[in-house]
Amino acid sequence: MSAPPAKTVVLIIDDEVQMRRLIRACLERNNYEVVEAATGEEGLSVAIQSQPHVIILDLGLPEIDGTVVLRRLREWCNVPIIVLSVRDRDSDKVSALDDGANDYLTKPFSTSELLARLRVVQRNNQPAAKATVFNSGKLQVDLAARTAKINGQTLKLSRIEYSLLRYFVQNAGRVLTHGQLLREIWNLDDIEKTARLRVYVTYLREKIEANPAKPELIITVPGVGYRLEALD
């Protein structure tokens, strides 16, 4: 006798108990498995632990706004995310979609519409999650925990240094052009600003390379950009 198909796991991140109960009851009646979180930090932690197939995210969370949670999830997680919010301005919807949401549903909503939106995002058949920990030589970067270590020792990185390292990790083995890096890290289209990029690459090399003068991790591709090596 074959085993029953595994249920789709949905993580609900919402601080309203009644809303979580409503969504849970609706989803469980339709054969979904549900996990919950009441705050942004808890949601990030539960997302790591449960590896959900879909995330339903409220924007109006205590302590950490849902928009921040969305951006942090998208640093390491590629599962479909449906935003639920009372914010109904077009600018809020566009911002959430630009930050990585797959869909946006305004409260109040019908449970039948929520189920339909779930079916749509599931059709994309996205994998449950990317690997959250990257290792290359003595470097270890945990994208979910937002930490970087060399030889097991945690590095102290500035916000820009970490953003740059994270982008390298997300594209390990690929050549990233100066223009790509300037747009991603500083939102700049001016290729003449590469001096700023060189300075921060130097800062990173001083923290992660055994010999910054002869880098083995962040490799310069002359006239083009840089590549992060994935070493054994």
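The values are calculated or read from the model by the stated rules, or taken from the named source; none is laboratory data. Computed from a prediction, not measured in an experiment: that's the story for all the values here. Every residue, glycine as well, gets a Cβ built from its backbone with ideal geometry; the counts of neighbours run over all protein chains shown.
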Which ranges mark the helices (runs of 4 or more DSSP H) fully within the stretch 29-107 that have 3 or more residues being within 13 Å of the chain's Cα centre (by Cα)?
40-50, 66-73
The stretch 40-85, residues that are in contact with a strand residue (DSSP E or B) (Cβ under 8 Å, 6 or more places away or on another chain), surrounded by 15 or more Cβ atoms within 10 Å (Cβ to Cβ) and hydroxyl-bearing (Ser, Thr, Tyr):
Ser50, Ser85
Could you please find all residues in the stretch 86-104 being surrounded by 15 or more Cβ atoms within 10 Å (Cβ to Cβ) and under 18 Å from Gln18 (Cα atoms)?
none
Which listed residue, of Lys207, Lys214, is of a type in the set (Lys, Arg), in contact with a helix residue (DSSP H, G or I) (Cβ under 8 Å, 6 or more places away or on another chain) and modelled with pLDDT of 95 or more
Lys207
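Would it be correct to say that Ala148 is closer than 13 Å to Ile208 by Cβ and either modelled with pLDDT under 95 or not aromatic (Phe, Trp, Tyr) (or both)?
yes
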Return the total of residues in the stretch 45-64 being touching a helix residue (DSSP H, G or I) at 6+ places or on another chain (Cβ under 7 Å) and closer than 14 Å to Asp15 by Cβ.
8
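Could you say which residue among Ser50, Ser85, Ser95, Ser45 is of a type in the set (Ser, Thr, Tyr) and in contact with a Gly (Cβ under 7 Å, 6 or more places away or on another chain)?
On the way: Ser50 fails: in contact with a Gly (Cβ under 7 Å, 6 or more places away or on another chain); Ser95 fails: in contact with a Gly (Cβ under 7 Å, 6 or more places away or on another chain); Ser45 fails: in contact with a Gly (Cβ under 7 Å, 6 or more places away or on another chain).
Answer to the selection: Ser85.
Can you tell me which of Asp98, Asp58 is touching a residue at least 12 places away in the same chain (Cβ under 8 Å) and not assigned by TED's automatic domain parsing to the domain that holds Ala144?
Criteria check complete, one pass: Asp58.
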Residues to consider are Arg146, Arg174; find the one that is touching a residue at least 24 places away in the same chain (Cβ under 8 Å), charged (D, E, K, R) and over 26 Å from Glu41 (Cβ atoms).
Arg174
